[in-house]
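Colleague: Below is one structure. I have some questions about it.
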Amino acid sequence: MKIRHSFLLGVAAIVGAAISASATTVVPPTFEQLVDQAQVIFHGTVSKVNSQWIGEGAERRIVTYVTFNVKESLKGSAGKSYTIRTFGGTVDGETMMIGDAPTFDVGDDQILFVENNGSQVVPLVGLMHGQFRVRKDDSGREMVTTNKNEPVRDVEQLGKGAAAESAAPLTPAAFKSAIQTRLTATHQLP
């Protein structure tokens, strides 16, 4: 597979960090920042992933459209189906990517914190930090995990480094309840 790296001026300006194939450094947002900055927050399942070339000449790049079947809209209006556009993907054996950018596969169950969809390189609050996966633990219980597949045990620890190891992983219902509590406290409910 041929890999093509592109350091577009617009990408550098929007991301505001060095872009490499190995890693992208982004300061993790706190839970409050995730909720407050997001224009749309929803729980959904990936139904389609479509990468394609867009633009011409020096502006030519690969973008990926990721469509979700929305299970629950928590902030903003996600509707029954919601599509995000993110930089990167693979088309005809050529790959463009941002290191550590979120990835999406059909069937993924996720809770997303979306901002500037269609105009931002990765339309999630804090790039990869705005993506949470719903997974099952060894006993079959659903839990919410970070973009690094670490269980979320306490929303107050997000963006602060240390995790509450003794607490049980949050269920999707508990995580969404914390989002609703923050939205209510800040008067962001519809």
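Colleague: So, in the stretch 77-90, of the ones that are surrounded by fewer than 18 Cβ atoms within 10 Å (Cβ to Cβ) and modelled with pLDDT under 95, which residue ends up nearest to Pro28 (Cα to Cα)?
Modeller: Per the criteria, the residue is Ser77.
Colleague: Let me ask you something else. Just the residues that are surrounded by 16 or more Cβ atoms within 10 Å (Cβ to Cβ) and either of a type in the set (Ser, Thr, Tyr) or farther than 18 Å from Asn117 by Cα (or both), please, taken from the stretch 30-43.
Modeller: Thr30, Phe31
Colleague: If a residue must be touching a helix residue (DSSP H, G or I) at 6+ places or on another chain (Cβ under 9 Å) and under 17 Å from Val40 (Cβ atoms), how many such residues does the stretch 122-149 contain?
Modeller: Here the count works out to 9.
Colleague: Mind telling me which of the residues Gly79, Gly99 ends up being free of Cβ contacts under 8 Å to residues at least 40 places away in the same chain and either part of a strand (DSSP E or B) or not hydrophobic (A, V, I, L, M, F, W, C) (or both)?
Modeller: Gly79 is the lone residue from the list that is free of Cβ contacts under 8 Å to residues at least 40 places away in the same chain and either part of a strand (DSSP E or B) or not hydrophobic (A, V, I, L, M, F, W, C) (or both).
Colleague: Can you name every residue in the stretch 102-135 that is free of Cβ contacts under 8 Å to residues at least 40 places away in the same chain, surrounded by fewer than 22 Cβ atoms within 10 Å (Cβ to Cβ) and under 25 Å from Arg153 (Cβ atoms)?
Modeller: Of everything in the stretch 102-135, those that are free of Cβ contacts under 8 Å to residues at least 40 places away in the same chain, surrounded by fewer than 22 Cβ atoms within 10 Å (Cβ to Cβ) and under 25 Å from Arg153 (Cβ atoms) turn out to be Thr103, Arg133, Arg135.
Colleague: If you go through the stretch 48-70 one residue at a time, do you hit one that is closer than 20 Å to Asn147 by Cα, modelled with pLDDT of 95 or more and in contact with a helix residue (DSSP H, G or I) (Cβ under 8 Å, 6 or more places away or on another chain)?
Modeller: no
Colleague: Assuming Glu115 fulfils every condition listed in (1) over 30 Å from Thr64 (Cα atoms); (2) at pLDDT 95 or above apart from one, which condition is it?
Modeller: (1)
Colleague: What number of residues in the stretch 48-66 are among the polar types (S, T, N, Q) and buried (at least 16 other Cβ atoms within 10 Å of the Cβ)?
Modeller: Adding up the residues that qualify gives 2.
Colleague: Then there's this: Farther than 25 Å from Thr184 by Cα and either of a type in the set (A, V, I, L, M, F, W, C) or surrounded by 14 or more Cβ atoms within 10 Å (Cβ to Cβ) (or both): does that describe Met96?
Modeller: Yes: the conditions hold for Met96.
Colleague: Check the stretch 147-154 and report whether any residue there is in a loop (DSSP other than H, G, I, E, B), within 16 Å of Val49 (Cα to Cα), acidic (Asp, Glu) and at pLDDT 90 or above.
Modeller: no
The values are calculated or read from the model by the stated rules, or taken from the named source; none is laboratory data. Note that this is a predicted model, so its numbers are computed, not measured. Virtual Cβ from ideal backbone geometry, glycine too; neighbours counted across all protein chains shown.
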